[in-house]
1. When the residues of segment 367-420 are narrowed to those that are aliphatic (A, V, I, L, M) and buried (at least 21 other Cβ atoms within 10 Å of the Cβ), which ends up farthest from Y250 (Cα to Cα)?
2. Only one of these conditions is not met by F129: (1) part of a loop (DSSP other than H, G, I, E, B); (2) of a type in the set (A, V, I, L, M, F, W, C); (3) touching a residue at least 24 places away in the same chain (Cβ under 8 Å). Which number is it?
3. I'd like the full set of residues that are crowded, with 19+ Cβ neighbours inside 10 Å, assigned to a loop (DSSP other than H, G, I, E, B) and touching a strand residue (DSSP E or B) at 6+ places or on another chain (Cβ under 7 Å), limited to segment 309-320.
4. Just give me the residues in segment 236-255 being within 20 Å of T166 (Cβ to Cβ) and not aliphatic (A, V, I, L, M), in sequence order.
5. Of V217, V183, V229, which residue is more than 22 Å from N305 (Cα to Cα), touching a residue at least 40 places away in the same chain (Cβ under 8 Å) and part of a loop (DSSP other than H, G, I, E, B)?
6. With the requirement that a residue be in contact (Cβ under 8 Å) with a residue 60 or more places away in the chain, in a loop (DSSP other than H, G, I, E, B) and within 17 Å of Q388 (Cβ to Cβ), what does segment 321-361 give you?
7. Give the residues of segment 237-282 that are of a type in the set (S, T, Y) and crowded, with 21+ Cβ neighbours inside 10 Å, sorted by residue number.
8. I'd like the full set of residues that are over 24 Å from G342 (Cα atoms) and of a type in the set (A, V, I, L, M), limited to segment 158-184.
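The values are calculated or read from the model by the stated rules, or taken from the named source; none is laboratory data. Computed from a prediction, not measured in an experiment: that's the story for all the values here. Ideal geometry is used to build each Cβ from the backbone, glycine not excepted, and the neighbour counts take in all protein chains shown.
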Amino acid sequence: MQYLNQNYIYNFIVLRLSGMKMISLNTKYRLGIMSVIALLVAQSCKDHKQQTETKKVTQTVVIKKKYLTDQSLFPRNAAAFCRPTGIKRSDSALFMNGGGKDFRETISYPEPKTIAIPAGMKYIPGGEFSMGGVDPVGMDGGGHEQMNDARPVHRVKLNPYYMDATVVTNKQFAAFVKATGYVTVAEQKPTRAEFPNAPEENLVAGSLVFTAPKEKVPLNDYLQWWAYVKGADWRHPQGPNSNIIGKDNYPVIQVCWDDAAAYAKWAGKRLPTEAEWEFAARGGLSGKLYAWGNVLKPNGKWMANIFEGSFPNKDAGTDGFVGIAPVKSFPANGYGLYDMAGNVWQWCNDWYRTDYYYTLANNPVSVNPQGPASPYDAEEPDAKKRVQRGGSFLCTDEYCTRYMVGTRGKGDSRSASNHIGFRCVMDAKPIADTKVAAN
């Protein structure tokens, strides 16, 4: 595996992920740039100690940023740092009653008596549901992130659609590449036109790779477990010395949003909207913490591939897997969909905006929302990010718990890593509003 030196990592992360101009970074400036690029490097599984505080004033969202200065307190004083503004453990009972007053019952359209479902897909009936999530901090297994961008919880109505039962696999993506000759973004050398100020030696094809450090490290230094690796791509997800031989049924990874959208178009499908993804992930349930209910391990059984043990150095693999797992390794949800939590992040079609849910909150119901017209991340206003959902095998209550069904992720649309994949959807015939059934 060809790791690039630390000077290069800092420079290229800015180049590749945030779209900023290449600059030469001295030691003092590197400390400052950390607060700008930390979010993009770890993609959606990142340290959220620089939480965004949001406040609604009339119809304007005022956003205040916390910088990384308090990260030195984590994780030693994590409880004191996170718990005061979070839900208390005694409030966990809210979820045993449908998530509290913010969540109302899910109303699903009835499934037609006869329907032709495309191969490898499941019929998602559409209907009306409460979208979003509450602050899980302080709950058992709730983690350290308040998930401010997942609120306000709001009401959404969707037409029926079909969704891939699994994320797209290596075998499926290989068929696409063979048929079209498509070259992923990670396989392409960045161009001088795209980055006019970058040194030539920094313009190399590759992608981000998670590699577990040999020992426990502070959680405020992501460079201890993330590296930009020359030659990392979907065929070589860990770098040039790795491969996917014998892994046809594993999720394809090292694909950015552009790659996922190209595959979907070729397949006659599209990427799901964020609302479609969450409705499908909930499987007909309302206000639950997970895609299967309120208990992480019902009857002691693991339901998703996440990180157990000591993050980031030791994944104990008690769920049966260290790292990525084959598709269908865990039970499907109520709609017959696999891996709607954990394993790999999944791209959605929507642009990401920190404040997007506020724009929908005053609507009695939002019908088939397509996401905001443009991206905006309060922590990196210039980055063009798309929504990611579901979490990955790296998610853990020590670091991020975005395998919780209402939570949101985000990533630069031209960035990939070895924990990001995708699945597709297709439109189905709409059902009349008068035919509804409560779940």
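1. Among those that are aliphatic (A, V, I, L, M) and buried (at least 21 other Cβ atoms within 10 Å of the Cβ), it is A383.
2. Among (1) part of a loop (DSSP other than H, G, I, E, B); (2) of a type in the set (A, V, I, L, M, F, W, C); (3) touching a residue at least 24 places away in the same chain (Cβ under 8 Å), the lone unmet condition for F129 is (1).
3. F311, D319, listed by residue number.
4. Selection gives P237, G246, K247, D248, N249, Y250, P251, Q254.
5. After ruling out the rest, the residue left standing is V217.
6. I324, L337, D339, M340, A341, N343, V344, T354
7. Within segment 237-282, Y250, Y263, T273 qualify.
8. Result: L158, A175, V177, A179, V183.
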